[in-house]
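K.L.:
Provided herewith is a single structure, encoded as structure tokens, for subsequent inquiry.
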Amino acid sequence: MTTLKDVAAKAGVSQAAVSRVLKNDRTFSVSEGTRQRILRAAEELEYRGRSERLEHTFVDLPKGKIGIFLLYQELLEIEDSYYQIVRLSLKRELEKNGMKVEEIFLDTMEKGIEKFSEFQGIVLVGHPGLWFHASELRTLLREANIPVVCADFELEDGELDADYIVNDFESVVQKAVECFERNRYEEIGYIGTYGIEIYGALKADRRYLYFKKMLEQKKLFREEFVWLTNNSYITNGYELGKKILREHRKLPRAVFAENDSLAIGFLRALKENAVSVPDEIAIIGCNDVQSAAFMTPPLTSVRLANDLIGTMSARLLLERMMTGRTESVKVVVPNKLIIRGSCSDSQPL
């Protein structure tokens, strides 16, 4: 099998140069002649990149129908594009490998359950709270002997022998807190949701749990700077922001928001009340939605790899279908702090 080293030797360049050119990295400064020489060498040696090699392994996999069960109302994708990106990247990867795909939103769950026997594999997209409310689907999956992947959530009780692709929320919060520390902000607040209901009990969002733990370790946690709401939409952030400004004379110097929608709503409330961001209060969101860059000021946010969650969910499902693997696999995807105007940082992580 041809390697990057083989291509580099034929083209007379470094392996790093080959890798960046083949990834179409336009930030890499290289002459057009060198770029073409690398591309010719890769073509002549029939080099296959990692993703191409993975696709090649699925060539002999029998084509079938995959059920994508979206454990939320379709309207949610209008309010927040996070799951839409997961869904589209998941669907694209499955169809690229010859699979038929049927998407079932919570609105049409009954119809999806009626077609359950048609599916050769299942991907669940959502969070544990949504899963625990889908009682009929849960019963079917526990009894069925088909591959299952959970995209963006994990079932810690081992209810399903599924694969899990999840975010590293501890790393997300750590990046935000360390950014605040580099700015020497010690009064740090949190805006988020009450959490999710599982088995009748309310379970706090992991971002909040990590936030509280980290600040307690640094002796910086202050309960009066924690504000929670029912949902994570822009309107929730806006209404919460108005309430905070109305009821609290003193604001923290910085705030971490559980997601960008809450941060954007909070920004709007601050702007209406002439509170300067970041001069009076700095804000970091989570997810880095497309509109974050166009806020006033542009929103600093921790970018989640939700497209990778979709792609990896598809690949793990296909691999499980092909090999018959029964052991569960957990994949944790990376994230990145994107510095913009709402919180500066001379040393981004």
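Here, each number is a calculation from the coordinates, and none is a lab measurement. Being a predicted model, the structure only gives us computed values, none of them experimental. Every residue, glycine among them, receives a Cβ derived from its backbone with ideal geometry; neighbour counts consider all protein chains shown.
K.L.:
For the chain, with only Lys/Arg (+1) and Asp/Glu (-1) charged at the beta-carbon, what is the dipole magnitude about the Cα centre, in debye rounded to 20?
P.N.:
In total the dipole reaches around 1180 debye.
K.L.:
For the ranges 286-292, 37-43, what's the packing order if you count other beta-carbon atoms within 10 Å of each residue, average per peptide, and put the highest first?
P.N.:
With the highest mean Cβ count within 10 Å placed first, the list reads 286-292, 37-43.
K.L.:
For Glu197, list long-range residues whose amide hydrogen, built 1.01 Å from N in the peptide plane, is under 5 Å from its own amide hydrogen.
P.N.:
It is Lys203, by chain and number.
K.L.:
Here's something else I'd like to know. Only Cα pairs within less than 10 Å get springs; with that Gaussian network setup on the chain, which residue of Thr34, Thr311, Thr323 has the largest fluctuation?
P.N.:
Of Thr34, Thr311, Thr323, the most mobile in the Gaussian network model is Thr34.
K.L.:
Net charge near Gly265: determine it from the other residues with C-beta under 13 Å of the C-beta of Gly265, scoring Lys and Arg +1 and Asp and Glu -1.
P.N.:
Charge balance in the 13 Å sphere: -2.
K.L.:
What number does segment 200-341 give for Rg over Rh if you use C-alpha atoms and the Kirkwood radius?
P.N.:
That ratio equals 1.07.
K.L.:
While we're on this one: From the P(r) of the chain, could you give the percentage of C-alpha pairs in the tail past 31 Å?
P.N.:
More than 31 Å apart: 45 percent of the Cα pairs in the chain.
K.L.:
Using label points projected 7 Å from each Cα along Cα→Cβ, tell me how many nm separate Asn273 and Ala293, to one decimal.
P.N.:
Computed distance between label sites Asn273 and Ala293 equals 3.1 nm.
K.L.:
Now for a different question. For segment 143-186, build the charge dipole from Cβ charges (+1 Lys, Arg; -1 Asp, Glu) around the Cα centre, then report which of Phe180, Val149, Asn167 sits farthest towards its positive end.
P.N.:
Checked the options; the winner is Phe180.
K.L.:
Relative to the Cα centre, what is the charge dipole magnitude of segment 4-47, using +1 at the beta carbon of each Lys and Arg, -1 at the beta carbon of each Asp and Glu, and rounding to the nearest 20 debye?
P.N.:
160 debye
K.L.:
Restricting to the chain, what percent of DSSP beta bridges are antiparallel, rounded to 5?
P.N.:
So the antiparallel bridges in the chain amount to around 20 percent.
K.L.:
For the chain, what does -39500 (n - 2.57) per DSSP helix run (n ≥ 4), summed and divided by total residues, give at 222 nm, in deg cm²/dmol to the nearest 500?
P.N.:
Mean residue ellipticity, 222 nm, calculated: -12500 deg cm²/dmol.
K.L.:
Residues with amide H under 5 Å of Val255's amide H, sequence separation 5 or more or different chain, H placed in the peptide plane at 1.01 Å from N; which?
P.N.:
Amide H to amide H, under 5 Å and 5 or more residues apart or across chains, Val255 pairs with Gly189, Ala282, Ile283, Ile284.
K.L.:
Which trypsin sites (Lys or Arg not before Pro) in segment 96-187 pass both tests, a DSSP loop state and at most 16 other beta-carbon atoms within 10 Å?
P.N.:
Listed in order of number, the matching sites are Lys115, Arg184.
K.L.:
Hey, got the dipole for segment 245-349? About the Cα centre, +1 on K and R Cβ, -1 on D and E Cβ, debye to the nearest 20?
P.N.:
Here the size comes out at about 120 debye.
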